[in-house]
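Contents: one structure, followed by commentary.
Values quoted throughout were computed directly from the atomic coordinates according to the rules given, and no laboratory measurement underlies them. Predicted, not measured: the structure shown is a model, and the values here were computed from it. Cβ atoms come from the backbone with ideal geometry, glycine included; neighbour counts cover every protein chain shown.
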Amino acid sequence: MALLLSSERPAEAAFTLNPVKGLFRWLARSRAERAQRLALTNLLEFDAALLEDLGINRQDVIDAMRSRQRPAGETLAARRAASSRTWLSR
């Protein structure tokens, strides 16, 4: 920690651990994850024609739900983009 020579006070504020903020962050993250699971579950209820209109299929949604390396939105966007490229080349 750097000290100022004039008053010997820290140049930057010390890090404070606030458990209430941590709890709210955890709650917000868990609510977001739950909302995403519900949205993906709702996509699974669509029939094949509706999913095809969106540029994805049922397996894409299942892969997005299981993927841990990439967020589900990125996975579905990549699959939709690939589907779009192949559709345009027909």
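Taken one residue at a time, the phi angles of the range 58-74 give Karplus couplings (6.51, -1.76, 1.60, θ = phi - 60°) of 4, 5, 4, 5, 5, 4, 5, 5, 7, 5, 10, 6, 10, x, 4, x, 5 Hz. Gly and Pro are set to x. Treating only the Cα positions of the range 19-88 as identical point scatterers, give the base-10 log of I(q)/I(0) from the Debye formula at each q in 0.26, 0.29 Å⁻¹. Here the Debye-derived log intensity ratios amount to -1.15, -1.28. Rounded to the nearest Hz, the phi-derived 3J(HN,Hα) couplings of the range 23-32 under the Karplus curve 6.51 cos²θ - 1.76 cosθ + 1.60 (θ = phi - 60°) are 5, 5, 4, 5, 4, 5, 5, 5, 5, 5, where x marks glycine and proline. Neighbours of Ala28, meaning other residues whose beta-carbon lies under 13 angstrom from its beta-carbon, give a summed charge of +4 when Lys and Arg score +1 and Asp and Glu score -1.
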